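Right, one structure below, let's go through it.
The values are calculated or read from the model by the stated rules, or taken from the named source; none is laboratory data. If you're wondering where the values come from, they're calculated on a predicted model, not measured in any experiment. Glycine also receives a Cβ, built like all others from the backbone with ideal geometry; neighbour counts cover every protein chain displayed. Side chains are part of the model used for accessible areas, which takes the heavy atoms of the whole protein and leaves out ligands, DNA and RNA. Shrake-Rupley method; radii C 1.70, N 1.55, O 1.52, S 1.80 Å.
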Amino acid sequence: MKIDIVTLFPGFFTDPLSTSILGRAVTDGHVEIAVHDLRQYAMDRHGTVDDAPFGGGRGMLLKPEPVAACWDALQLSRGHSIYLSADGDRLNQALATRLSMHEHLVLLCGHYKGVDERARTRCIDQDVSIGDYVLTGGEPAALVLIDAVVRLIPGVLGDFSSAMADSFHDDGLLDCPWYTRPARFEGQDVPQELLSGDHGRIDAWRRRQSLRRTFERRPDLLPGADLDDEERRLIDVWERTGAPDTD
Ligand code: ADE
């Protein structure tokens, strides 16, 4: 397996990836792990990689250009690309098992408030969360994911049956999903709401996007969520008709 890690803090990975079972998996050639500094793909000499979101608001986003430039230069679209994010698909044993069947994984570690939607659409196949809490960045999550996945590669634990026999084993090994993603970026429109300058409209749009994402990815969180009547009504409609792709 090949794993590319794209991060603003490459030094974070030095010791964990050369220690213990992970270190041996690398030296034994079961996995090849490359760590890339996203700042090297910045478009200006200051190494700027973050930007204020369209429509304003607090927090910064990872700019789309350095992410896209990095993906192009390293041909990362060939792999299955994961953005580590607290609102992603929850990492569990079944997901680790499915991920271990990919030949090539690419992990993008975010800081700030996330990644610009255009880069996400063009470069990212899947968001993964390691749990319902917010970390300072995606790096610790990437390490957890790598550890959970690499130990499942035949030969890494010395005896494949020890990975097969562990308590979380499930039938995930039997299916091998392929994620598809639309390869759009050029000409991809920024939603009109974000360009409107109308903060009420912008906030409403953002809240709806976040609701839709939770509805699709973590519906189990919705019953306990603090939602108003209109939001409950929207969920009612989506439950009957399916959530729209975007709006
Ligand atoms: N980035 C911030 N929090 C995270 C989490 N819980 N899982 C994955 N990436 C994250």
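Summary of values
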| quantity | calculated |
| --- | --- |
| Output for segment 102-111, where each listed residue is within 14 Å of the ligand (Cβ to nearest atom) and buried (at least 23 other Cβ atoms within 10 Å of the Cβ) | L107, L108, C109, G110 |
| All positions within segment 83-101 that are of a type in the set (A, V, I, L, M, F, W, C), more than 24 Å from L222 (Cα to Cα) and either assigned to a helix (DSSP H, G or I) or within 14 Å of the ligand (Cβ to nearest atom) (or both) | A96, L99 |
| Enumeration of residues in segment 202-219 that are surrounded by fewer than 13 Cβ atoms within 10 Å (Cβ to Cβ) and of a type in the set (G, A, S) | S210 |
| Matching option when the condition is farther than 21 Å from K2 by Cβ, aliphatic (A, V, I, L, M) and either assigned by TED's automatic domain parsing to the domain that holds P10 or within 13 Å of the ligand (Cβ to nearest atom) (or both), among A52, A69 | A52 |
| Residues of segment 29-56 satisfying the condition of being over 12 Å from V67 (Cα atoms) and assigned to a strand (DSSP E or B) | E32, I33, A34, V35, D51 |
| Leading residue by the ranking (most open to solvent (accessible area, probe 1.4 Å)) among those in segment 1-28 that are under 13 Å from E139 (Cα atoms) and assigned to a helix (DSSP H, G or I) | F12 |
| Qualifying residue in segment 220-233 (condition: open to solvent by 60 Å² or more (accessible area, probe 1.4 Å), at pLDDT below 90 and under 21 Å from the mean Cα position of the chain (by Cα)) | yes |
| Unique residue being open to solvent by less than 60 Å² (accessible area, probe 1.4 Å) and away from the ligand (no atom under 16 Å from the Cβ) when the list is G131, G79, G114 | G79 |
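The rows are residues; the columns are (1) closer than 18 Å to V144 by Cα; (2) out of contact with any His (no Cβ under 9 Å at 6 or more places or on another chain); (3) not assigned by TED's automatic domain parsing to the domain that holds V144.
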{"residue": "V6", "(1), (2), (3)": "yes, no, no"}
{"residue": "P16", "(1), (2), (3)": "yes, yes, no"}
{"residue": "R45", "(1), (2), (3)": "no, yes, no"}
{"residue": "R58", "(1), (2), (3)": "no, yes, no"}
{"residue": "S81", "(1), (2), (3)": "yes, yes, no"}
{"residue": "R90", "(1), (2), (3)": "yes, yes, no"}
{"residue": "H102", "(1), (2), (3)": "yes, no, no"}
